[in-house]
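Structure record follows, encoded as structure tokens.
The values are calculated or read from the model by the stated rules, or taken from the named source; none is laboratory data. This structure is a prediction, so every number in the text was calculated from the model and none was measured. As a convention, Cβ positions derive from the backbone with ideal geometry for all residues, glycine included, and neighbour counts pool all protein chains shown.
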Amino acid sequence: MAEVLTRTPIHLLPQDVAERIAAGEVIERPVSVVKELVENALDAGSHEIRVEIRGGGLRLIRVTDDGYGIPEDELERACARHTTSKISTLEDLSRLHTLGFRGEALASITAVSELTLLSRPIESTNPGEESAAGLLTLRGGEVTQRSRRARLHGTTVSVRDLFYNVPARLKFMRGARTETNHILQLMRRYAVGYPAIRFNLTIEEAVALQTGGAGNLATTLAELYQLPLAEMLHPVSASSEHYTLHGYVGNRALAQSSRQHIMLFVNGRWVQARPLQDALEAGYRGLLPKGKHPLLVFYLDLPPGDLDVNIHPAKTEVKLLHEAEVAAALTQAVKSVLERSPALPSSSPFPGPELVYQRRLPGPRRRGLHVADSAEGYKAESAPPGAAEILATLRPLAQLQQAVILAEAPDGSLYLVDQHRAHERVIYEHLAQQTCRGTG
Ligand SMILES: Nc1ncnc2c1ncn2[C@@H]1O[C@H](COP(=O)(O)OP(=O)(O)OP(=O)(O)O)[C@@H](O)[C@H]1O
Ligand SMILES: [Mg+2]
């Protein structure tokens, strides 16, 4: 994790330790490579992580960090199987403070691609200046080049021709667009998980994601989704002797049709543990319409000994010692916010052309987030106000894509006003008045 800056030399794990580590298929598709390289960069205490993708990640994946780097004489060892600087004994697994621990990722990537590792350790002289960094290239696991390049401290890993020697795997790739989309989703998760780190993702040389690393989640979410989210997010915090929980839950207007925006990080690791997912879902069941899920980001911190991450090679499944207690806290945290969050007004029919409505934001697939498309099914807490009343109280927040006005009602509900339709309505009213006057 980011705050850990000391490193031990990379070493081969004793056989008994290596055998006890959940191993298996580590690199399934390009996004798995990005995940492993970004986690290595995070473990190295980086402040800035840049990712470059070409050809859906099959042509090139390059991850550049400003972390503590790897000494030149350890580059080759870093790419061997069961070599790591992160643990030494089985007991270390219960004091884990890093995302990696298997010593497998780089070895698995080099086996199915051409991988170049360029690294300059932070302890080398004058950290702010460029000086010689070690460079090592392996193709299909064999060393093909050793040299030196100038760079600042940190590491750049370039992965080319992924799966060039595994044609069967290539056949199952879904096309550059799908793979790129997975990578974009993954990067959003890291950006949300680590708001204090600057992330940059370029796809085919175009910037697809960029965060400033300000350290504030609401700012990061606004950077990622380009929505004024701060007012729609409710902070949550809870703790006991076994856990500390903090995060944000979006109000009901931010309900989404997919679970993609429910993000839970346990000790800095994005996890998908079923019991915890169920606990989160139990928190909003009945408070959101069926098929709707909240925008939710929780960071759960546990003593490392209370958490087992050595369950699955992907390291996204975890087991918790005090699972029932933590699950109850998650349910309660979600519930407490959504119960307080004002319901959207129910969809009473608006007169004339539909003027105010809630719908997907322009380009939702690109941004991956949209505002509730219908008020149906939400529990109205008071009698629904009339359309004219609503319009009179709206406070404009922003203009989106020069076509839609984002406005907020006093109860916190969010409205999108279609400017074109609003204009038509003004003309309609004007003509209606003229007709009235003409006939009256
Ligand atoms: N970006 C990086 N900066 C500094 N050191 C790195 C970086 N990437 C890899 N390393 C070093 O190389 C070692 C091997 O990396 P690798 O990802 O293969 O294994 P790991 O991170 O230890 O465990 P896991 O297989 O669970 O990821 C790491 O333990 C670390 O010492
Ligand atoms: Mg790793």
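Would you point out which residue out of 58, 135, 90 is more than 10 Å from ligand 1 (Cβ to nearest atom) and out of contact with any Leu (no Cβ under 7 Å at 6 or more places or on another chain)? Criteria check complete, one pass: 90. Does the range 235-244 contain at least one residue that is on the phi > 0 side of the Ramachandran plot and either more than 14 Å from the chain's Cα centre (by Cα) or modelled with pLDDT under 90 (or both)? No; the residues of the range 235-244 include none that is on the phi > 0 side of the Ramachandran plot and either more than 14 Å from the chain's Cα centre (by Cα) or modelled with pLDDT under 90 (or both).
Of all residues in the range 175-202, those satisfying the criterion of being crowded, with 18+ Cβ neighbours inside 10 Å and more than 15 Å from residue 224 (Cβ to Cβ) are 176, 179, 180, 182. Within the option set 155, 137, being crowded, with 21+ Cβ neighbours inside 10 Å, assigned to a strand (DSSP E or B) and at pLDDT 95 or above holds for one residue only, 155. All of (1) in contact with a strand residue (DSSP E or B) (Cβ under 9 Å, 6 or more places away or on another chain); (2) of a type in the set (Lys, Arg); (3) more than 16 Å from ligand 2 (Cβ to nearest atom) hold for residue 29 with one exception: (1).
Being near ligand 1 (Cβ under 10 Å from one of its atoms) and either at pLDDT 80 or above or not assigned by TED's automatic domain parsing to the domain that holds residue 177 (or both) is a property that does not hold for residue 52. Considering only residues in the range 212-249 that are under 25 Å from residue 201 (Cα atoms) and in contact with a His (Cβ under 8 Å, 6 or more places away or on another chain), the one that is surrounded by the most Cβ atoms within 10 Å (Cβ to Cβ) turns out to be 248.
Selection of the range 68-110 for residues being part of a helix (DSSP H, G or I), touching a residue at least 60 places away in the same chain (Cβ under 8 Å) and within 15 Å of ligand 2 (Cβ to nearest atom) yields 74, 75, 77, 78, 93, 105, 106, 108, 109.
When the criteria are applied in full, residue 21 meets the requirement of being over 20 Å from the mean Cα position of the chain (by Cα) and within 11 Å of ligand 1 (Cβ to nearest atom). For the range 140-151, the tally of residues that are crowded, with 16+ Cβ neighbours inside 10 Å and either touching a strand residue (DSSP E or B) at 6+ places or on another chain (Cβ under 7 Å) or over 21 Å from residue 60 (Cβ atoms) (or both) stands at 1. Sub-8 Å Cβ pairs linking a first residue in the range 235-261 that is among the acidic types (Asp, Glu) to a second residue that is at pLDDT 90 or above and surrounded by 16 or more Cβ atoms within 10 Å (Cβ to Cβ), at least 6 apart or interchain, number zero.
Among the conditions (1) in contact with a helix residue (DSSP H, G or I) (Cβ under 9 Å, 6 or more places away or on another chain); (2) modelled with pLDDT of 95 or more, the only one that residue 47 does not satisfy is (1). In this entry, residue 115 passes the filter for residues that are under 12 Å from residue 157 (Cα atoms) and more than 10 Å from ligand 1 (Cβ to nearest atom). When 67, 103 are checked against the criterion of being on the phi > 0 side of the Ramachandran plot, buried (at least 18 other Cβ atoms within 10 Å of the Cβ) and not β-branched (Val, Ile, Thr), a single residue qualifies: 103. Among the residues of the range 35-57, those identified as away from ligand 2 (no atom under 12 Å from the Cβ) and either of a type in the set (Gly, Ala, Ser) or surrounded by fewer than 24 Cβ atoms within 10 Å (Cβ to Cβ) (or both) are 45, 46, 47, 48, 50, 52, 54, 55, 56, 57.
Among the small types (Gly, Ala, Ser), within 18 Å of residue 268 (Cβ to Cβ) and within 16 Å of ligand 2 (Cβ to nearest atom) - does that describe any residue in the range 116-128? Checked against the condition, which is being among the small types (Gly, Ala, Ser), within 18 Å of residue 268 (Cβ to Cβ) and within 16 Å of ligand 2 (Cβ to nearest atom), the range 116-128 yields no hits at all.
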